[in-house]
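Here is the structure we will look at, set down as structure tokens.
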Amino acid sequence: MPVEVAAHAGFCMGVRRAVETACRVAEEGVPSCTLGEIIHNPQVVEMLRARGVPPVTSPEEARGRRVLIRSHGVDPQTLDNLHAAGCAVLDLTCPFVDKLHRIVSEETGPDCPVILVGEKEHPEVRGTAGWAKGPVYVVATEDEARALPEMPRALAVAQTTFPPDRWEQVTAALRGRVPNLMEHCTICSATETRQREARELAARSDAMIVVGGRSSANTQKLYAACLALCPRTILVECAAEIPPAFANTNSDHIGITAGASTPGGSLKEVVTRMTDIENKDFMAEVEATLVKIRPGQTVTGTVVQVTDDEVCVNIGYKADGLIKRSELTQPDVQLGDEIEVEVVKVNDGEGNVLLSQRNIVNRKAWEALMAKYEAGEYVDGTGKEAVKGGLIADVEGVRAFVPASQLSQRYVEKIADFVGKEMKLKIIEVDKQKKRIVASRKAVMAEESAAKKKEAWEKLEEGVVIHGIVRRLTDFGAFVDVGGVDGLIHITDLSWGRIKHPSEVVKPNQEIDVKVLSLDRERERIQLGYKQLQPRPWDNAQEKYPEGSIVEGKVVRITDFGAFVELEPGLDGLVHISQCALNRVAKVEDAVQVGQVVRVKVLSVDPEKKRISLSIRQVLEEEAFDEIPAETEFELVATDETPVEEAAAEEVPTEEAPEA
């Protein structure tokens, strides 16, 4: 006869955790007990009693012992009573029930009662009621909901094992009594999954067997759901309770499911009993059809349960896998989602398969990094922590070490300055076994600098004009970055005039255009010119300084035969010693000094010979004439000391003669 077992039958995650923890406690030898039956299954309860962990009914009965709180949970007052009785408490409340308690505690108050949708005498409902901070109402049917008094607002929550379809019916009735109804469907996702699968299996089966404790509300609801679709449905606690002639033909399709508090042994016993396979362990055959898993293997599974701390995933193995929230890369995962996971452990010691999504991401990130490493490509990194000897960086999701000597081409005084900084790195060492990498920022800078330099040299030609940035100044010139390489502007090529220091013309970080004067590719030297792009002073000297014009200039040099006066940078004129003053002077210094600003008259300009003759004397003479009154007359006077010829060259003012 064909036998089909529901995919999700037997212990749910919360019950499995409670039972397996109780078994470990039994092995420790510490006097322990459970407050009430740990689950609604007599076989499990008797097994724990035989191993020294019996159930008790009150905190007083548990006095002095370690007490295990069952998956149904308890109210705060019970916890206080246990502590008062000197009991060490090990809370095994189901994560879904714990969430229900938090909602009731946080969202109820004197003006906001709680309406618990569930079985009034169920231990989970009684325990939840104790967390309310306002009035409590318990309803299980639409009629009970309509019988409630009208109230302006209330919180509606569900017993975690309540049938989802009945929850919808009851809350629809509640909305007519409570205008402001806050609804929290706190039904366990495992309950929903089991009931859905049970109904689907019952609909296509000739007979159904529901395995579980008769006192279990979860099992009773499964039985009711199956019976509604398959009239030949029975509820048994063990294989011995199956009627001998239950399956009367070899062609019957038998469906088997189990409540969340049914141990795997009870389910296996029933399945084995119902098979017509002789001398063969049916469950072993079933297990043979399941996937084989190993640590490190990547599999695809379906999310079947979601809690605040972890997610349960069906991966086709005999046990579902658990993945902690910290190991998820999809924080908004929902029931029914298909996700790719990696097997971390086939058995964590409690029968659970441990899974991880993050390991897959890390492995893919590592593989991508190794591909870049082998190709010699750069990787993106962010400084995370300054440590002794270097920097820890996050390189595309992988931890990397950057030695201090590899952070820059220059000495790094404060490694902490790189924390939080994004940078390009090159992987220089790899330990594939330990998955560790050593990276270098210095290598990237050196290679990029070399590439820039090569590109810059390819563009350089003598005579071209290029844009550059002044990087540093020295006494003999200015170094300019012209696209990745530095060229020198000698001090004599900065200005047409004489300068004492390059800072008189340019400043660091100033952007300028320069002309390439010469290239030495072997020695990597570039000679640049700046003044060559400025107007040459002699090109328009005749137009700017015509003969006879009077201009100002600064004495820049003195010789025995005269003084050189700078009219503008690069353009000097000579004042001959005979033209330095009104009177003869023995030395030029007797008339002018270096740095003195003087007014001069242009006597002649010769651009070809680059000579300008100037006169201070003629300016002084003209200024002297301008100061003499217009009616004054002059006559020649000869003296014993002055020859007549020289006297003739001098004009002497005389008084105007009176009219006759």
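Cβ crowding within 10 Å ranks THR329, THR307, THR257 as THR329, THR307, THR257, fewest other Cβ atoms first. Only beta bridges with both residues in the chain are counted; by DSSP, about 65 percent of them are antiparallel. Taking other Cβ atoms within 10 Å as a rough exposure proxy, SER32, SER105, SER549 sort from fewest to most as SER549, SER105, SER32. Pairs over the 19 Å Cα-Cα cut-off, from the set LYS292/LYS345; LYS500/LYS531; LYS531/LYS554; LYS587/LYS610: LYS531/LYS554; LYS587/LYS610.
Derived scalar couplings between HN and Hα for the range 530-536 equal 10, 5, 5, 9, 9, x, 7 Hz in order, rounded to whole Hz, by the Karplus curve 6.51 cos²θ - 1.76 cosθ + 1.60 (θ = phi - 60°), x for Gly and Pro. DSSP bridge analysis restricted to the range 95-187 gives an antiparallel fraction near 5%, rounded to the nearest 5.
Take every DSSP beta bridge whose two residues both sit in the range 508-622; close to 95 percent of them are antiparallel. For the chain, relative contact order (Cα pairs under 8 Å, six or more residues apart, normalised by length) works out to 6 percent. Kirkwood Rh, the chain, all Cα pairs: how many Å? This gives a value of 35.6 Å.
Taking square-rooted eigenvalues a ≥ b ≥ c of the alpha carbon gyration tensor, is the range 117-160 rounded, prolate or oblate, where a/c under 1.5 means rounded and, failing that, a/b exceeding b/c means prolate? Note, shape of the range 117-160 comes out oblate. Put simply, the Cα atoms of the range 319-377 extend 45, 27, 17 Å along their principal axes, the longest span coming first. Inverting the pair-averaged 1/r between distinct Cα atoms of the range 368-455 gives 13.1 Å as its Kirkwood hydrodynamic radius.
Ratio to report: Rg/Rh of the range 305-458, with Cα atoms as the point set and Rh obtained by the Kirkwood method; give two decimals. With Rh from the inverse mean 1/r over Cα pairs, Rg/Rh is 1.13. Residues ASP337, ASP80, arranged from fewest to most other Cβ atoms within 10 angstrom of their Cβ, appear as ASP80, ASP337. Start at zero, step by 10 Å, and the Cα-Cα distances of the range 71-186 spread as 14, 46, 29, 9, 2 percent across the bins. Taking label points 7 Å from Cα along the Cα-to-Cβ direction, CYS238 and ILE428 give a separation of 7.2 nm.
Quick one: dipole size for the chain, taken about the Cα centre, charges +1 on Lys/Arg Cβ and -1 on Asp/Glu Cβ, in debye to the nearest 20.
That gives the chain a dipole magnitude of about 5380 debye.
Rule-based calculations on the coordinates, nothing more; no lab input. These figures come from a predicted structure and were not determined experimentally. With ideal geometry, Cβ positions are generated from the backbone for all residues, glycine too; neighbour counts draw on all protein chains shown.
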